[in-house]
Every structure is written in structure tokens, then in C-alpha cells.
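The values are calculated or read from the model by the stated rules, or taken from the named source; none is laboratory data. Computed from a prediction, not measured in an experiment: that's the story for all the values here. Virtual Cβ from ideal backbone geometry, glycine too; neighbours counted across all protein chains shown.
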Amino acid sequence: MPNPFSRKRKIVRQTSSGGAKKSTRVKLRPGSDWTKRNFITSVWIPSLFTKRSGARARPLFPKVQPGQICITWIGHASFLVQTHEVNVLIDPIWSMWLSVIKRLKEPGFHIHHLPSIDFVLVTHAHFDHLDRRTLRLVAADQPIVVPVGVGRLVHRLGFNIVHELDEWQTIELGPLRISLTPAHHWGARFLADTHRGFGGFVIGANERCVFHCGDTAYFEGFKEIGERHNIEIALLPIGAYDPPLAREVHMNPEEAVRAFNELKAKTLVPMHYGSFRLGYEPLEEPLERLRESARVHGIEDKVLVMTEGKPVVL
Ligand SMILES: [Zn+2]
Ligand SMILES: [Zn+2]
């Protein structure tokens, strides 16, 4: 007879490599000018009256050939990454509300149109990245990978094992090598749970390599990530850079371009914009600024702006 308590013990941590590391966690203290504007009246209430845009269409997932990577942006920081062998889902969120914040753009397709998912990765516990309702629908006894301290939030949702990774740790899952990278951000879902880890993921599939940055302010760690990994496709956040508490927690489009150059990646896919108003900046501003910055730096041909729900084979 199976031990009913055994299900509670399926959070697996990698053995620590030891050594002191510099903290990249940002402080909770608001920036100095945060009281000068009112997020509730200038962003939150207008959002409630904004009509949701976008439409869900049945996605046409191509047959992925050996050596190819297919990427589908679902919206916000959610991506489906497919190789010819496996399907990986990162930071999936199909919810229409982040607690009281309205989603202003539909996900690219219905969740029931997902292919079978082999692995799920969640970069950190913030509500726009770790959506328990979505995870419960996606969970089908496959493994999930999260940063240290996040496992308990997902281990009862229907995954067969929870792998917790610390910064720079790598795990081999099937044909993939998955590493957690540092970020300049924070991981608390509420206020006091600051022990939770956070980061990004480098996904290596044979000679191909995709980097999902998670959430981060600009920081000097991009160079090291680029030195340690041969990153080809970089999914980088460009929105929420003007947040309600004026804290430096998300990079802006110009910083994303700088990060891209320091990563020495070949393709920049912008994300974390257009779905939720998490900052004062208008929804369309991040992409406009990214295009302008890419033009200034002569990397327009390397920027791949995706449409939610439209798979792209690279
Ligand atoms: Zn976050
Ligand atoms: Zn976020």
C-alpha cells in the first residue's frame, strides 16, 4: 500500500556547490519618489475600464525537426519551448486576473490546445509567473523545476517531482540541461516569505540554447551568464520598469538591449509587456522603446517580436 505521506516529500534539492555568493535580492524599501504618483487612480482604475484586446486562436504547432527549436509566446512571461523530443512550458499563466489586476490581453490560445507537456519551469513565486490555477491545469505527473524555497508552493498541484535549483545549479531532464541563473529581483510571494529563490533558466538542448530571463532589474550578472552559457535565443523582459513603489526590480527596454549584448546572444525575444499593467508606463511603450533602442544599437535584425499564440521555428 503506498504511503500517503510520501507525496509530501518530493521536493528535491541539488547538492550545494558551496562558497559564498553575493546577494542579488533587492530590498523591499520603496524608491524615494513613490508617493508623488497614485498607481490606483492613474493605472489600476483605468485598467478596469480598458477592454481586453487580442484573441485566442487554435495554434498550429509545426512538427519540430531534430536540431530545431520552436518557441510559442503565450503572453506576458509564458512560453512554450519545443524540441523534436520534448515540450517545455515556462511561467505559464492563463488567468484573466492577477488578484485585482486585470489582464488586458488574451493569452494566445486556449490552455486545452497545449500539446502534452514534459517539463514545467517556474522562475519565481510572483503571481504573474507562478499561477497556481494554471499550474494545476497543466500538471500531469511530469517534473517541475523551481528555484530553492519555491517547491512547497507547487508540490501538491499534481507534478510527480519538484526539482529546486539554486543559482548556477544545473539539472539534466531527459535530453535537456536546465540551469538556474541569478537575477536582480526578489522572490517573496507575500511580504515575509523572502527566503524564496528567484532567477532565470538556461535550457540547453544539444547544441541549441534558450535563455528565459525571469524577472530582473539590469545587473552586471548578464555578462557572466553569457560567459558560462552559449546563449542563442534570449527571452528578455522589457516591461514593468516604472513600478508603483519606484523600486529597481525590472529592466527597461534599453537595459534589455544592453543585457542582450552582454549575453552575446543571437536573437532577442521581448516579453513581460502588453498583458498586465504592472507599472506606470503605457502598455505599448516598452515595445516602441525596444525598437528604437535596437535601431540605435544596430541590432534590429536580431530582435524577434513574437505574436501571442504564433509558434516560430528557429
Ligand atoms: Zn517578479
Ligand atoms: Zn513579473
Number of positions in segment 253-282 that are touching a residue at least 60 places away in the same chain (Cβ under 8 Å) and at positive phi
2
Segment 199-250, residues that are crowded, with 20+ Cβ neighbours inside 10 Å, among the aromatic types (Phe, Trp, Tyr) and under 30 Å from Lys36 (Cα atoms):
Tyr241
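Residue-by-condition table, conditions (1) more than 16 Å from ligand 2 (Cβ to nearest atom); (2) of a type in the set (Asp, Glu); (3) farther than 30 Å from Arg247 by Cβ:
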| residue | (1), (2), (3) |
| --- | --- |
| Ile40 | yes, no, no |
| Arg52 | yes, no, no |
| Ala57 | yes, no, yes |
| Met96 | yes, no, no |
| Glu106 | yes, yes, no |
| Leu130 | no, no, no |
| Leu135 | no, no, no |
| Ala139 | yes, no, yes |
Which one of these does Glu85 not meet: (1) acidic (Asp, Glu); (2) within 21 Å of the chain's Cα centre (by Cα); (3) within 19 Å of Cys209 (Cα to Cα)?
(2)
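Answer yes or no as to whether Arg152 is of a type in the set (D, E, K, R) and part of a helix (DSSP H, G or I). Break it down stepwise before answering.
Values: of a type in the set (D, E, K, R): yes; part of a helix (DSSP H, G or I): yes.
Spelling it out, Arg152 is indeed of a type in the set (D, E, K, R) and part of a helix (DSSP H, G or I).
Could you list, in sequence order, all residues of segment 1-24 that are in a loop (DSSP other than H, G, I, E, B), surrounded by 10 or more Cβ atoms within 10 Å (Cβ to Cβ) and modelled with pLDDT under 80? Let's see the steps before the verdict.
To start, the set of residues in segment 1-24 that are in a loop (DSSP other than H, G, I, E, B) comprises 1-5, 10, 14-24.
Imposing the further condition that a residue be surrounded by 10 or more Cβ atoms within 10 Å (Cβ to Cβ) reduces the set to 10, 14, 17, 21, 24.
Ser17, Lys21, listed by residue number.
Conditions tested, residue by residue: (1) of a type in the set (Val, Ile, Thr); (2) within 16 Å of ligand 2 (Cβ to nearest atom); (3) without any contact (Cβ under 8 Å) to a residue 40 or more places away in the chain.
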site	(1), (2), (3)
Gly199	no, yes, no
Asn206	no, no, no
Asp215	no, yes, no
Tyr218	no, yes, no
Phe222	no, no, no
Ala234	no, no, yes
Met251	no, yes, yes
Candidate set: segment 172-197, residues that are closer than 30 Å to Gln68 by Cα and assigned to a strand (DSSP E or B); chosen: the one farthest from ligand 2 (Cβ to nearest atom)
Glu172
Quick check on my filter: what residues within segment 283-307 are of a type in the set (Val, Ile, Thr) and in contact (Cβ under 8 Å) with a residue 40 or more places away in the chain?
Ile299, Thr307
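Scan segment 200-226 residue by residue and report those that are among the charged types (D, E, K, R) and either within 15 Å of Arg258 (Cα to Cα) or in contact with a strand residue (DSSP E or B) (Cβ under 7 Å, 6 or more places away or on another chain) (or both).
Just the residues of segment 200-226 that are among the charged types (D, E, K, R), to begin with: 207-208, 215, 220, 223-224.
Within segment 200-226, Asp215, Glu220, Lys223, Glu224 qualify.
Please go through segment 114-128 and pick out each residue that is without any contact (Cβ under 8 Å) to a residue 60 or more places away in the chain and either within 15 Å of ligand 2 (Cβ to nearest atom) or buried (at least 21 other Cβ atoms within 10 Å of the Cβ) (or both). Even if it seems obvious, please write down each step before you answer.
Filtering segment 114-128 for residues without any contact (Cβ under 8 Å) to a residue 60 or more places away in the chain gives 114-120, 122.
Within segment 114-128, Phe119, Val120, Val122 meet the criteria.
Being in a helix (DSSP H, G or I) and under 11 Å from the mean Cα position of the chain (by Cα) is the filter here, so list the residues in segment 122-140 that pass it. So that I can check it myself, show each step before the final result.
At the first step, the residues of segment 122-140 found to be in a helix (DSSP H, G or I) are 132-138.
Hits for segment 122-140: nothing passes.
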Residue in segment 74-92 that is in contact (Cβ under 8 Å) with a residue 60 or more places away in the chain, closer than 30 Å to Pro46 by Cβ and away from ligand 1 (no atom under 16 Å from the Cβ) present
yes
Which of (1) of a type in the set (A, V, I, L, M, F, W, C); (2) closer than 26 Å to Pro30 by Cβ; (3) within 16 Å of ligand 1 (Cβ to nearest atom) does Leu283 not meet, given it meets every other one?
(3)
Assuming Ile111 fulfils every condition listed in (1) away from ligand 2 (no atom under 16 Å from the Cβ); (2) of a type in the set (A, V, I, L, M, F, W, C); (3) farther than 23 Å from Leu180 by Cβ; (4) in contact (Cβ under 8 Å) with a residue 40 or more places away in the chain apart from one, which condition is it?
(4)
Only one residue in Val150, Val162 is touching a strand residue (DSSP E or B) at 6+ places or on another chain (Cβ under 8 Å), within 16 Å of ligand 1 (Cβ to nearest atom) and more than 22 Å from Asp301 (Cβ to Cβ). Which one?
Val150
Scanning segment 261-278 residue by residue, the ones that are within 15 Å of Ala217 (Cβ to Cβ) and under 17 Å from the mean Cα position of the chain (by Cα) total 2
